[in-house]
């Protein structure tokens, strides 16, 4: 059974393998991270761990029984009881309800471990799968994204009141 774990240094090789194995799949629905992301992976990963230690962000990975990373679930810009949610799951488990269940778990963790009251998430209009995940996980659409929010793509912001 997959387990949601707080990101730590030992996850780095599995996270990189996850990102590389799913790069084309992710690029079909969201902006590609580009070669620089992979060329500078170690520095970026370490910076993420530093941000997590500072309490600015909280990063989680969904780890399979074989220790592979099946998904990434992140809370960005943690401040004043609010954070932005970002997530991605491996192509091999997409469409099975795993993302929805894990987002729901992360909502509980966000309240219990990070004292959050509200989560925001944005998805492009073309990403129907992500829209379904958010709605099933209790998020409601609240308005359009700004031009820079999704790498130039148009989309919608969603909100989840964790106290409801």
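So the values come out like this:
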{"read-out": "Qualifying residue in region 46-64 (condition: surrounded by 16 or more Cβ atoms within 10 Å (Cβ to Cβ), within 23 Å of residue 155 (Cβ to Cβ) and at pLDDT below 95)", "value": "no"}
{"read-out": "Pairs, first modelled with pLDDT under 85 in region 140-156, second exposed (fewer than 13 other Cβ atoms within 10 Å of the Cβ) and in a loop (DSSP other than H, G, I, E, B), C-beta under 8 Å, six or more apart", "value": "150/31; 151/31; 152/31; 153/31"}
{"read-out": "Some residue of region 77-92 being assigned to a helix (DSSP H, G or I) and surrounded by fewer than 17 Cβ atoms within 10 Å (Cβ to Cβ)", "value": "yes"}
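Let's see how each residue does on (1) part of a strand (DSSP E or B); (2) crowded, with 18+ Cβ neighbours inside 10 Å; (3) at negative phi; (4) over 17 Å from the mean Cα position of the chain (by Cα):
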| site | (1), (2), (3), (4) |
| --- | --- |
| 106 | no, yes, yes, no |
| 129 | no, no, yes, no |
| 146 | no, no, yes, yes |
| 157 | yes, yes, yes, no |
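Listed here are the residues, each with its yes/no results for (1) over 24 Å from residue 98 (Cβ atoms); (2) touching a residue at least 12 places away in the same chain (Cβ under 8 Å); (3) in contact with a helix residue (DSSP H, G or I) (Cβ under 9 Å, 6 or more places away or on another chain).
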{"site": "27", "(1), (2), (3)": "no, no, no"}
{"site": "35", "(1), (2), (3)": "yes, no, no"}
{"site": "39", "(1), (2), (3)": "yes, no, no"}
{"site": "42", "(1), (2), (3)": "yes, yes, yes"}
{"site": "45", "(1), (2), (3)": "no, yes, yes"}
{"site": "48", "(1), (2), (3)": "no, yes, no"}
{"site": "55", "(1), (2), (3)": "yes, yes, yes"}
{"site": "60", "(1), (2), (3)": "no, yes, yes"}
{"site": "65", "(1), (2), (3)": "no, yes, no"}
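Conditions (1) touching a strand residue (DSSP E or B) at 6+ places or on another chain (Cβ under 7 Å); (2) under 19 Å from residue 110 (Cβ atoms), marked per residue:
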| residue | (1), (2) |
| --- | --- |
| 4 | yes, yes |
| 9 | no, no |
| 16 | no, no |
| 29 | no, no |
| 46 | no, no |
| 54 | no, yes |
| 64 | yes, no |
| 77 | yes, yes |
| 96 | no, no |
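The values are calculated or read from the model by the stated rules, or taken from the named source; none is laboratory data. The structure presented is a predicted model; accordingly, all values stated were derived computationally and were not measured. When we count neighbours, we look across all protein chains shown, and the Cβ atoms used for this are built from the backbone with ideal geometry, even at glycine.
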